[in-house]
1. Calculated from the structure, Cα Rg over 2.2 N^0.38 Å equals which of (1) 1.51; (2) 0.98; (3) 1.63?
2. Need the list of lysines near residue 85 for cross-linking: C-alpha distance under 19 angstrom, and skip anything on the same chain fewer than eight residues off.
3. Tell me which of 271, 58, 349 sits at the most positive position along the dipole axis of the chain, charges placed on C-beta atoms (Lys, Arg +1; Asp, Glu -1).
4. Could you calculate the contour length gain from residue 258 to residue 345, that is, 0.36 nm times the residue separation minus the distance between their Cα atoms, to one decimal place in nm?
5. How many nm separate the modelled label positions at residue 126 and residue 101, each set 7 Å beyond the Cα in the direction of the Cβ?
6. Starting from the Cα of residue 47, step 7 Å along the direction of its Cβ; do the same at residue 208; then give the gap between the two resulting points in nm.
7. At what distance in nm do the modelled label points of residue 403 and residue 312 sit from each other, each positioned 7 Å from its Cα along Cα→Cβ?
8. Name the helices (complete DSSP H segments) of the chain with a Cα length along the long axis of 27 Å or more and a Kyte-Doolittle mean of at least 1.0, or state none.
Amino acid sequence: MTRALTRTFGNVTVGVALLALWGVLTLVGVVVEQGKGAAAYFASYPAPIARAIVRLNFDDIYHSGWYLASIGLVLASMTIATFTKVIPRRLPPRRAVTIDAIPLHAHVTVPGDEATIRARVERFFSTRGWKIVRRDIEGTHWSFADRHNWARIGVLVNHTAILVIAAGTILYWARGFAGETAILTGQTAQIPQTRALIRLDRFAYTVAPVLTKGGMLYQPIDYVSHVTVVGRNGVPTPMVVRVNHPIDVDGTLVYQASYGFGMRFSVTHDGKPVPALSSRTLVEGDALAIPGTTQSVVYERFVPTVDRRTQMPSSDPRVNDPAVILSLQEDGTSLGAVLDPLRSSVDLGNGWRIVPQRAVLYSGFQYRYDPGVPLVAAGSVLLLIGLVISFYFLPARLHVRVDPSGESACTVGLAATTVKGYDIFETQFRELVDELRKRID
């Protein structure tokens, strides 16, 4: 049973098939948006496909048994193939060979007795960095000269590195998480997985002029969020989050990802304020449903500066002549959009009016906890070491035999083998044989 399993999982075809299965499941995770509720899938896909997504756990595939099992099978196949096929081929036993049957071979006739010539040949290779091992095989004396023999483990280092990287990836899928959130100035958000609280005390961004072929442009060059964090210790701690400078909250890294403008609107009906709608602060994409109708107003985008000449949104990110873009929807269908300056009202019909009152900066954060990072980093270093060993060092073995060929001469037979074929070592072998002839003649 064990032998059959070893033979099956060590088969190259089986290994490739398992890799293909892993790739297909990974592709499913890319195509199918992860972490949504069942209703979202039934709204986006035909009912049979939506049911399959939910029942097969494709909505959270990276944590599913399917996915983890496929990775486990790939690792098992790789491990078995490494120890049953790759390593034995990379570390062949020292055995007798037929010199002339190996493509890289040569014969050198040298005057002298067998023991003296053997010693001179071994000394020749030893002084050039070859390690000499002697063997008596079926009554015949063989000398084996190895160079860079240790480099034969390069493939083992590479395979080990892949296993370590895969282990780090699995650890992230098993215990890690990632997400994003937008926090309005003065408000607090919670990281659901750790229950850590982040309050945005103040947000600032820096705009700098950039001279281009088309003229002077203004671009944001720095985002800075001043936050107060409450982690596991329960102590409020002031921190600063900048682009490319995340903060560490109980091992979870929080990154500065974006920023935007929330908007407070004044909504009236027949001239009377509607507190339930006027008390909300909307971020881009949020909607206000108009009571008693099937209409809704969507806050599409904040425009910091309106071009005074064209009365259209400009690319200037500085807040000079701000406006908002609002769209009116009926049963989810857009009826059009309007550019509305701050404190200018828009008539929605049936006595409803909306006025953008005040912009509030918000900061967009991304957070990520990845316990597999140390393993992935270690695996990457191992992989680099293995690649250097594999590409820059050539393990080679010389099979050397000295045979008497007359009363006062012997023939030195040499055959060379490498782990990368014969062509790559042919020139070095010919040069080595030519030098041997000169040194021991």
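1. (3)
2. 420
3. 58
4. Values: separation 87, 0.36 × 87 = 31.32 nm, distance 2.89 nm.
The residue 258-residue 345 span can extend by a further 28.4 nm.
5. Distance between the two pseudo-spin positions: 3.0 nm.
6. Once both label points are built, they end up 5.9 nm from each other.
7. Calculated label separation equals 9.0 nm.
8. Going by DSSP H runs, the hits are 12-31, 154-175, 373-392.
All of the numbers you see were taken from the coordinates with simple rules; none came from a lab. All figures in this text were calculated on a predicted structure; none of them were measured in a lab. Reconstructed Cβ throughout: ideal geometry from the backbone, glycine too, with neighbour counts over all protein chains shown.
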